[in-house]
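S.K.: Please read through the structure below; I'll follow up with questions.
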Amino acid sequence: MRSYEPDRLSPAQVAAVRRTLRSGRGALTRRSLLRAGAGGTLAAGGAGALAGCGIPAAGKSQGGTSAADHSAKEKRVDFSNWTEYMDVDEAGKRHPTLDAFTKRTGVQVDYTEDINDNNEFFGKIKPQLAAGQDTGRDLIVLTDWLAGRLIRLGWVQKLDPANLPHAFANLSPQFRTPDWDPGRAYSYPWQGISTVIAYNKKALDGVEVRSLSDLLDHPKLKGRVGLLTEMRDTVGMTLLDLDKDPRSFTDDDYDAAIARLQRAVDRGQIRRFTGNDYTSDLSKGDFAACLAWAGDVVQLKADNPDIDFLVPDSGYLTSSDNLLVPNKARHKTNAERLIDYFYEPRPAARLAAYINYVCPVDGVRDELAKIDPDAAQNPLIIPDRAMQARSRAFRSLSAKEETAYEAIFAKLTGA
């Protein structure tokens, strides 16, 4: 495979970023769908932009830099999150779980929805982090690829297990050992994001779909299949279909996955590569089946009885958004207490009932059933052990791999 220099964004990477913001996971809000960079094309921008901005190459983690912790005297925590990623009351003005945390602990949460995509937010905090200064935030939520980058740069703090008893005990096994933070020393998942196959029963017209191969090969589905513009999701699911592990694939494996997809494109099997706009195609029946994000599927199923999903026997892709404490945060202990609070079953259930993403907290099902019995039985929100065992993550990429892989994928999709 050809390599590319990582010192700047390639044309393919720029196109990938624009694709994601226009029609991918960055196009709409959290409540209705996923957003850019959750293991997707914005990761390319992240790798290239870091090098292009003169940031030192990411190497072995050096550990974060602490500051005087003012948690005992200053009963507050400054929390930056994505939009529409927290439960709200019926009036849409209060966050019940945060209010309950404050009532219990006396710690006031200054909650700000100022993250719109990973790269944009990184641009906000990079100058302070690079200069060893306080960002003004005690807790941030970043997608796995960027969370891993900050850890390797030494720009987030190692968490104190003594302040995280519930998080340590209740973290779901499928999220415990990401390659970018083994053992979760620096991060804990806020929510998981899964990629599955969704289909329209009526549009399938009797065609049995059990795997991605069925989408790519079945003659009756020609021109009625959708794949995602997010490289990791589409290629990762194809690697699994080829019996390759996305956690440990080689360049040759990647090329084989691209060749598999190219054959389907050349035959006209693929109607188009999409971002979140697949939801409209699927609901109308223009797509008989497509790759989809679980958060969308939960909502689509609620509105349209013809929509359903399957998890192939080969497995499915999962990424995560993650809680981290940046360097020089003034209220590290309070931030850790808030992380731990969301790993208690009751607050975790309240959050899951509202946002409908993959809950990373074990033991939440009974509490969720009290709020929303259907959600408690939904494997896209609470995966059972068998489904968890089929979950795979897309491995971390070097800057050169990012550039090369995105260029190849862009050629495939015609971007």
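S.K.: Rounded if a/c is under 1.5, else prolate if a/b is larger than b/c, else oblate: which is the range 186-291, with a ≥ b ≥ c the root eigenvalues of its Cα gyration tensor?
M.R.: Numbers: a/c = 2.03, a/b = 1.29, b/c = 1.57.
Because a/c hits 1.5 or more and a/b fails to exceed b/c, the range 186-291 counts as oblate.
S.K.: While we're looking at this one, here's another question. Given the range 87-164 reduced to its alpha-carbon atoms as identical point scatterers, what log10 I(q)/I(0) does the Debye formula return at q = 0.27 Å⁻¹?
M.R.: Relative scattering, expressed as log10 I(q)/I(0), comes to -1.30.
S.K.: Another question, then. With no solvent and one equal point scatterer placed on each C-alpha of the range 187-246, evaluate the Debye formula and give log10 I(q)/I(0) for q = 0.13, 0.21 Å⁻¹, two decimals.
M.R.: For the requested q values the scattering log ratios are -0.42, -0.92.
S.K.: Further question on the same structure: Amide H neighbours of Leu171 under 5 Å, at least 5 residues apart or on other chains, H built in the peptide plane: list them.
M.R.: Here Asp362 satisfy the definition.
S.K.: Return the Cα extents of the range 299-415 along principal axes one, two and three, sorted largest first, each rounded to a whole Å.
M.R.: Sorted largest first, the three principal extents are 51, 48, 26 Å.
S.K.: Given the peptides 221-227, 160-166, arrange them by the average over their residues of other C-beta atoms within 10 Å, most packed first.
M.R.: Descending packing order for the listed peptides: 221-227, 160-166.
S.K.: Between Lys411 and Asp251, 0.36 nm times their residue separation minus their Cα-Cα distance comes to what? Let's see the in-between values first.
M.R.: Working: separation 160, 0.36 × 160 = 57.60 nm, distance 1.65 nm.
Full-extension gain reported as 56.0 nm.
S.K.: Sticking with this structure for a sec: Ignoring solvent entirely, what values of log10 I(q)/I(0) come out of the Debye formula for the range 89-232 at 0.18, 0.19, 0.21 Å⁻¹ when each Cα is a single scatterer?
M.R.: Values returned for q = 0.18, 0.19, 0.21 Å⁻¹ are -1.18, -1.25, -1.39.
S.K.: A follow-up question, please. HN-Hα J couplings of the range 349-358 from phi, Karplus 6.51/-1.76/1.60, θ = phi - 60°, integer Hz, Gly and Pro as x?
M.R.: 5, 4, 5, 4, 5, 8, 9, 6, 9, 6
S.K.: If you project the alpha carbons of the range 131-190 onto the principal axes, what extent comes out on each, in Å, largest first?
M.R.: 36, 23, 16
S.K.: Now for a different question. Could you run the Karplus curve 6.51 cos²θ - 1.76 cosθ + 1.60 with θ = phi - 60° over the range 170-185 and give me ³J(HN,Hα) per residue in whole Hz, x for Gly and Pro?
M.R.: 9, 5, 4, x, 5, 10, 7, 10, x, 5, 8, 8, x, x, 6, 6
S.K.: Oh, and also: Would you mind working out the magnitude of the charge dipole of the range 267-405 relative to its Cα centre, with +1 at each Lys and Arg C-beta and -1 at each Asp and Glu C-beta, to the nearest 20 Debye?
M.R.: Charge dipole, the range 267-405, about its Cα centre: 540 debye, nearest 20.
S.K.: Is the range 72-125 best put as rounded, prolate or oblate by its Cα gyration tensor, with a ≥ b ≥ c the root eigenvalues, rounded for a/c under 1.5, and otherwise prolate when a/b is larger than b/c, oblate when not? Spell out each step's value before the answer.
M.R.: Values: a/c = 3.73, a/b = 1.33, b/c = 2.80.
It comes out oblate by the Cα gyration axes.
S.K.: Provide, in order from the shortest bin, the percent of all Cα-Cα pairs of the range 257-333 in each 5 Å bin, continuing until the bin that contains the maximum pair distance.
M.R.: For the range 257-333, the pair-distance distribution reads 3, 11, 17, 17, 17, 10, 7, 6, 6, 4, 2, 0.
S.K.: Just reorder Asp321, Asp374 by solvent-accessible area, largest first, 1.4 Å probe, all chains present.
M.R.: Asp374, Asp321
S.K.: Between Gln377 and Asp303, what is the FRET efficiency for a Förster distance of 22 Å, r being their Cβ-Cβ separation, to the nearest 0.05?
M.R.: The formula returns an efficiency of 0.75 here.
The values are calculated or read from the model by the stated rules, or taken from the named source; none is laboratory data. All values reported here derive from a predicted model rather than from experimental measurement. Methodologically, a virtual Cβ is constructed for each residue, glycine included, from the backbone with ideal geometry; neighbour enumeration extends over all protein chains shown. The area values use the complete protein model at the heavy-atom level, side chains included, leaving out ligands, DNA and RNA. Shrake-Rupley method; radii C 1.70, N 1.55, O 1.52, S 1.80 Å.
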